[in-house]
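Q: Next up is a structure, given as structure tokens.
The values are calculated or read from the model by the stated rules, or taken from the named source; none is laboratory data. Given the structure is predicted, the values throughout are model-derived calculations rather than measurements. For neighbour counting, all protein chains shown are included, and Cβ atoms are generated from backbone atoms with ideal geometry for every residue, glycine included. The protein model used for the area step is the full one, side chains on, heavy atoms only, and it has no ligands, DNA or RNA in it. Shrake-Rupley method; radii C 1.70, N 1.55, O 1.52, S 1.80 Å.
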Amino acid sequence: MPLSHRLLKAFFYFWVALGFAYILIPLALIVWMSFFSNSIPYVPPAGYTVAWYAVAAGEAQFYASFLFSFQVAVIAAALGLVVSIPAALVLRNGKGWLSAAILNLLTAPLIVPTIVIGAGIYITLITIEIATQWPIVGSLWAFGLAHVLLTIPWCIRLLLANLQTVNSSLEEAAASLGARPAVVLYRVTLPVMWSGVVAAALFSFVVSFGNIELSVFLSQPGNTTLPVVILQYLTWKLDPSVAAVSVVQIALIAAMLLIADRYINLTRVV
């Protein structure tokens, strides 16, 4: 291999390693800080302990916000699949302008800043709340329905990527043997695309669970997601317990992404 090619390859690997370091070093520092024994973090630490994980688990605000975030993410992922599975089945063979328009509409939240979506949803909910006197803002279902706007685009992309690998001859064979369209759908199509459904559900859960831009607009006392609580906690106090909570959140998200990647190659859609 010529020297110029080796230098170019080394330069490429250097920038790739630099990019990984830029992403991973802050995460490594958070994990490291979660084991500091001193309540006010400083380097080098006085010692190491796992006690801060117990402290974080005993904090009512962290525990309540974790459960609330979990519920919101489950609702958002489930509703996202309810909308996205039929849409993906319709769009997979669509080639006209109408299919393209529907696809662009369903994936539009990916190109709109989430903070803009959050502001728009907040103004809409406040308007409805004033008109009806219903306590909407901050409710579990308000969060879930708002987060659906985040989950639908990813569900669509993952399901369409999965359907590209489905052999349509299986459906044609079932139809030629006398199976009705509904039977083909439930006995052939859905079982074959099950891996994509699981991956879409897991990835949607991650997107909703880790969101902060939209959630900060909808949060109310008693109904706040974990990322917002972490942000509020850091405003007034900094100790290793918040790092411990962050490590648990990172571990949960990483596990979900690894499981989702086993069902469908995420590099094709992310």
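Q: Among (1) without any contact (Cβ under 8 Å) to a residue 24 or more places away in the chain; (2) of a type in the set (A, V, I, L, M); (3) assigned to a helix (DSSP H, G or I), there is one condition A56 misses while meeting the rest; what is its number?
A: So the condition that A56 fails would be (1).
Q: How many residues are surrounded by fewer than 16 Cβ atoms within 10 Å (Cβ to Cβ) and within 30 Å of Q164 (Cβ to Cβ) when one looks only at the stretch 108-142?
A: Looking only at that region, the number is 5.
Q: Still on this structure: In this structure, does Y22 turn out to be closer than 24 Å to S215 by Cβ, open to solvent by 80 Å² or more (accessible area, probe 1.4 Å) and at pLDDT 85 or above? Show your work before the answer.
A: On the way: closer than 24 Å to S215 by Cβ: no; open to solvent by 80 Å² or more (accessible area, probe 1.4 Å): yes; at pLDDT 85 or above: yes.
So Y22 fails the test.
Q: Return yes when F20 is over 30 Å from W236 (Cβ atoms) and under 27 Å from the mean Cα position of the chain (by Cα) and no when it is not. Before the answer, list the steps.
A: On the way: over 30 Å from W236 (Cβ atoms): yes; under 27 Å from the mean Cα position of the chain (by Cα): yes.
When the stated conditions are applied, F20 passes them.
Q: Taking the stretch 32-52 as the region of interest, how many residues are assigned to a strand (DSSP E or B) and open to solvent by less than 50 Å² (accessible area, probe 1.4 Å)? Full working, then the answer.
A: First, the residues of the stretch 32-52 that are assigned to a strand (DSSP E or B): 36, 48.
Now restrict to residues that are open to solvent by less than 50 Å² (accessible area, probe 1.4 Å): 36.
So the answer is 1.
Q: Could you say whether any residue in the stretch 63-72 is in a loop (DSSP other than H, G, I, E, B), crowded, with 16+ Cβ neighbours inside 10 Å and touching a strand residue (DSSP E or B) at 6+ places or on another chain (Cβ under 8 Å)? Walk me through how you get there before you give the answer.
A: Quick first cut of the stretch 63-72, residues in a loop (DSSP other than H, G, I, E, B) only: none.
So far as the stretch 63-72 goes, no, none of its residues is in a loop (DSSP other than H, G, I, E, B), crowded, with 16+ Cβ neighbours inside 10 Å and touching a strand residue (DSSP E or B) at 6+ places or on another chain (Cβ under 8 Å).
Q: Let me ask another. Looking at the stretch 229-258, I want the residues that are within 23 Å of T49 (Cβ to Cβ) and have a partner that is polar (S, T, N, Q) and in a loop (DSSP other than H, G, I, E, B) with Cβ atoms under 6 Å, at least 6 apart or on another chain. Which pairs are those?
A: D239/S39; P240/S34; A243/S34; A244/S34; V247/S34
Q: So the check is Cβ under 8 Å with 6+ separation or different chains; which pairs have a first residue in the stretch 89-100 that's in contact (Cβ under 8 Å) with a residue 60 or more places away in the chain and a second one that's open to solvent by less than 40 Å² (accessible area, probe 1.4 Å) and part of a helix (DSSP H, G or I)?
A: Partner pairs satisfying both residue conditions: L89/L163; L89/T189; L91/S99; L91/I156; L91/L160; R92/L160; R92/L163.
Q: Please find, within the stretch 79-95, the residue that is least open to solvent (accessible area, probe 1.4 Å) out of those that are farther than 18 Å from Y186 by Cα and modelled with pLDDT of 90 or more.
A: Checking each candidate, the answer is G80.
Q: So, one more: Among the residues in the stretch 143-154, are any closer than 22 Å to V90 by Cβ and assigned to a loop (DSSP other than H, G, I, E, B)?
A: There is no residue in the stretch 143-154 that is closer than 22 Å to V90 by Cβ and assigned to a loop (DSSP other than H, G, I, E, B).
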